[in-house]
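A short worksheet on the structure shown next.
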Amino acid sequence: MPLSDTTCRTSKPREKPYKLSDAGGLFLLVQPNGAKLWRHAFRFDGKQKLVALGAYPAVTLADARGGRDADKALLAKGIDPSAQRKIDRGAARIARANTFRIVADELIAKFEAEGDDPKTIEKKKWLIGLLTGDVGDRPIAEIAASELLDALRKIERRGRYDTARRARSLAGRIFRYAIATGRAERDPSGDLAGALISPKVQHRAAITEPKAVGALMRAIDDIDGQVTTRAALQLIALTFVRPGELRHAEWTEFDLQGAVWSIPKEKMKMPRPHKVPLSRQAIAIIKDLREVTGTSRYLFPQIRSWHRPISDGTLNAALRRLGYDKTQMTAHGFRSTASTLLNDSRRSDGRRRWDGDAIERQLAHQEEDEVRGAYNGAEYWEERVPMMQWYADVLDDLRKSGSVVSIAKARRSRSSSALTP
């Protein structure tokens with residue numbers, strides 16, 4: 001006769017263990033100490049076997065019957081329920097061991113082995129640390145999008161919207177690494193597209209008015225004192241790389257005969273190598289600089305430590321000494337200067353002089369459309385080489401008064417002509 005919940009509840013312990021049978025091999029084992037344990041007996045490959053289904057009342061009669069029925073379904077498929085339970089327990093242990101924190105640490109170790117810049121590694125560790133308090137010890141395969149969003153919202157509540165977006169991006173890389181290594185099946189960060197607050201873009205101060213650009217270039221040329229500081233400002237104006245890429249420039253990266261500066265991916269904001277065509281003016285500056293710092297590893301070493309690059313505040317400090325405060329011009333602002341002048345330049349027929357994608361590639365910007373970026377491998381090299389020489393000539397012209405008006409008009413009217421190279 002099948003068991004009832006009342007029978008299970010009211011059964012009393014005896015001196016010896018005894019069974020209360022249900023059906024299909026399910027029974028409740030009542031122990032002398034009062035414990036009531038569910039067991040399921042079955043035969044597999046001609047052998048009698050027994051599996052534990054938990055203790056009553058934590059596991060109800062209905063739950064125990066559900067476990068028995070699940071066992072019967074496995075038996076129908078030729079699977080030993082006891083062996084399957086061992087496999088499931090092992091998988092659960094592995095899942096508990098493969099937490100978000102553990103997988104993140106593995107990915108960081110991978111980045112380190114691949115030679116990522118130590119500062120970049122530290123930033124990634126910092127971002128991961130913002131998430132581990134909430135999801136760090138959770139099995140990565142069990143983390144839901146809502147859990148990740150809660151962790152990111154805590155960052156947003158501190159007003160750090162850009163940080164939250166970067167943390168989401170890095171979390172996505174961690175989940176995808178877990179998928180690749182067989183420890184997760186999906187990336188929940190992808191479900192959060194549009195869920196986070198978009199930060200307001202903070203544009204760095206930059207001079208873009210042509211006449212003012214000319215005045216800036218003349219002021220840089222007139223810098224007294226440290227030759228390397230003047231050369232650094234001149235070169236960043238001509239190449240418009242990021243300040244960190246210029247500060248860490250090494251002599252081995254330059255091919256003056258081929259007129260190209262090859263920056264390795266480890267030094268780039270976006271993890272891919274970048275090539276900069278060198279104008280005649282840039283090559284002249286570099287050749288002169290070799291006479292001064294050629295024995296150092298870096299083009300721009302510190303005065304007190306020849307084996308270290310100049311600090312990140314050197315160029316901005318030089319601009320302040322020239323009279324440009326942080327609301328007017330920064331070292332990073334040379335990128336906006338170049339972008340504006342290049343995008344505003346027009347041919348005599350009003351058409352853009354330079355392709356916008358070529359300008360973006362020279363700026364080493366990441367494609368906003370990740371899919372487009374993955375498939376758009378064009379380097380636009382044939383256009384970038386003459387573009388960089390044209391821009392260097394423009395900066396030379398802007399040092400003089402006669403070449404300013406045409407670019408200024410180009411900015412006011414897209415149909416007007418710009419400088420003639």
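Remarks
- For residue 346, the residues whose amide H sits under 5 Å from its own are 353, 418, 419, ignoring neighbours fewer than 5 places away on the same chain, with H placed 1.01 Å from N.
- Orientation-averaged projected area, Cα convex hull of the chain (nm²): 32.1 nm²
- Using R0 = 30 Å, the C-beta based FRET efficiency linking residue 62 and residue 86 works out to 0.75.
- Links that overshoot a 28 Å alpha carbon limit, given the list 19/49; 86/154; 267/326; 287/400: 86/154
- Extension gain, residue 49 back to residue 121 (0.36 nm per residue minus Cα-Cα distance, nm): 20.6 nm
- Candidates 338, 205, 76, ranked by Gaussian network fluctuation over the chain, Cα under 10 Å, top entry: 76
- Across the chain, the relative contact order, built from alpha-carbon pairs under 8 Å that are at least six residues apart, equals 11 percent.
- Label zone (residue 41, point 7 Å along Cα-to-C-beta; backbone nitrogen cut-off 18 Å) within the stretch 58-72: 65, 68-69, 71-72.
- Three-way shape call for the stretch 100-192 based on the alpha-carbon gyration tensor, with the a/c threshold at 1.5: oblate
- Cross-link partners of residue 125 among aspartates and glutamates (Cα-Cα below 12 Å; sequence separation of 8 or more within a chain): 105, 106, 112
- Rg/Rh (Cα only; Kirkwood hydrodynamic radius) as it applies to the stretch 210-412: 0.95
- Between residue 185 and residue 351, the modelled labels are 5.5 nm apart [label points 7 Å from Cα along Cα→Cβ].
- Taking the C-alpha atoms only, the angle from helix 61-76 to the longest principal axis of the chain is near 80 degrees.
- Contour minus Cα-Cα distance for residue 326 and residue 72 (0.36 nm per residue): 84.0 nm
- Here's the list of lysines a cross-link from residue 265 could span, going by alpha-carbon distance under 19 Å and ignoring same-chain residues fewer than 8 apart: 110, 119, 123, 124, 275.
- Footprinting exposure proxy ranking of 72, 47, fewest other C-beta atoms within 10 angstrom first, gives 47, 72.
- With the simple spin-label model, which puts each label point 7 Å out from Cα in the Cβ direction, the residue 227 to residue 169 separation comes to 4.0 nm.
- Residue 176-residue 208 FRET efficiency (beta carbon distance; Förster radius 35 Å; 0.05 resolution): 0.35
Throughout, read-outs are computed from the coordinates displayed, never taken from laboratory work. Treat the numbers as computed from the prediction; the structure is a model and nothing was measured. Positions of Cβ are backbone-derived with ideal geometry, glycine not excepted, and every protein chain shown enters the neighbour counts.
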